[in-house]
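Structure record follows, encoded as structure tokens.
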Amino acid sequence: MECSVCYTDLTLKNIVNTKCNHLFCKECFWKWADENNSCPMCRKNIISQTKMMMEEETKYYDTISCLQNDLYELEDKIFELTKFKKNPDKYMKEFMKKREKWINEKKEETRKKKDMVISQLDVYNALYTNSKEVLSQIKFEVNNYYDFDTELDTIFDRPLLGLGEINEILRTPSPRSYMQSPPPIIRSSRIV
């Protein structure tokens with residue numbers, strides 16, 4: 001199979017099949033479809049006219065709604081300008097109140113952020129101080145490790161038990177209680 005326009009071989013990756021059963025490569029078909037709503041061979045409509053009209057109608061409604069929103073915004077601005085024109089002092093006072101309110105809100109936000117940063121710095125400072133104390137404790141223990149090491153050496157150089165005590169422990173059998181089983185009897189049995 002090959003494209004009806006450019007005669008390239010058609011594969012599953014590049015084939016386009018129209019409703020009227022004509023085959024094209026996707027490059028040729030979409031190049032044609034950008035300009036026309038018809039099959040390049042028989043000129044039948046690819047997309048029905050009603051579907052095209054519905055798409056156009058949707059575009060028009062979207063455009064109308066956008067224009068209506070713009071109209072409402074312009075009417076609001078015109079209303080504000082007429083208010084300003086009638087009584088500019090009153091309007092300026094309202095504007096200055098709004099401005100002052102906005103400035104105070106921003107100051108409050110900034111103050112809260114500053115307080116948060118300061119509290120974080122306090123936490124970091126406490127952690128830093130604590131780590132300095134831990135480091136000094138480690139240095140102290142390292143310096144005093146020699147004294148501890150010599151103390152351990154003196155303890156381990158001295159035997160824990162005397163030689164006589166060890167011999168006594170090794171010679172004395174443990175007494176059996178009546179709950180224990182008797183020692184095993186070793187029998188040599190030969191089967192002849």
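Just a few scattered comments:
- Of all the residues in region 1-15, those that are loosely packed, with under 15 Cβ neighbours inside 10 Å and either assigned to a loop (DSSP other than H, G, I, E, B) or small (G, A, S) (or both) number 7.
- Which numbered condition A33 fails, given (1) at pLDDT 85 or above; (2) under 20 Å from Y7 (Cα atoms): (1)
- Of the residues in region 83-105, none is part of a helix (DSSP H, G or I) and in contact with a Pro (Cβ under 6 Å, 6 or more places away or on another chain).
- Hits in region 16-36 (condition: assigned to a loop (DSSP other than H, G, I, E, B) and either touching a His at 6+ places or on another chain (Cβ under 7 Å) or surrounded by fewer than 15 Cβ atoms within 10 Å (Cβ to Cβ) (or both)): K19, C20, N21, N36
- Any hit, region 72-79, residues being surrounded by 10 or more Cβ atoms within 10 Å (Cβ to Cβ), of a type in the set (V, I, T), assigned to a loop (DSSP other than H, G, I, E, B) and over 44 Å from the mean Cα position of the chain (by Cα): no
- Residue match in region 49-62 (condition: surrounded by 10 or more Cβ atoms within 10 Å (Cβ to Cβ), of a type in the set (V, I, T), out of contact with any helix residue (DSSP H, G or I) (no Cβ under 9 Å at 6 or more places or on another chain) and modelled with pLDDT under 85): yes
The values are calculated or read from the model by the stated rules, or taken from the named source; none is laboratory data. Only a predicted model underlies this, so the values are computations on that prediction, with no experimental measurement involved. All Cβ positions, glycine included, derive from the backbone under ideal geometry; neighbour counts span all protein chains shown.
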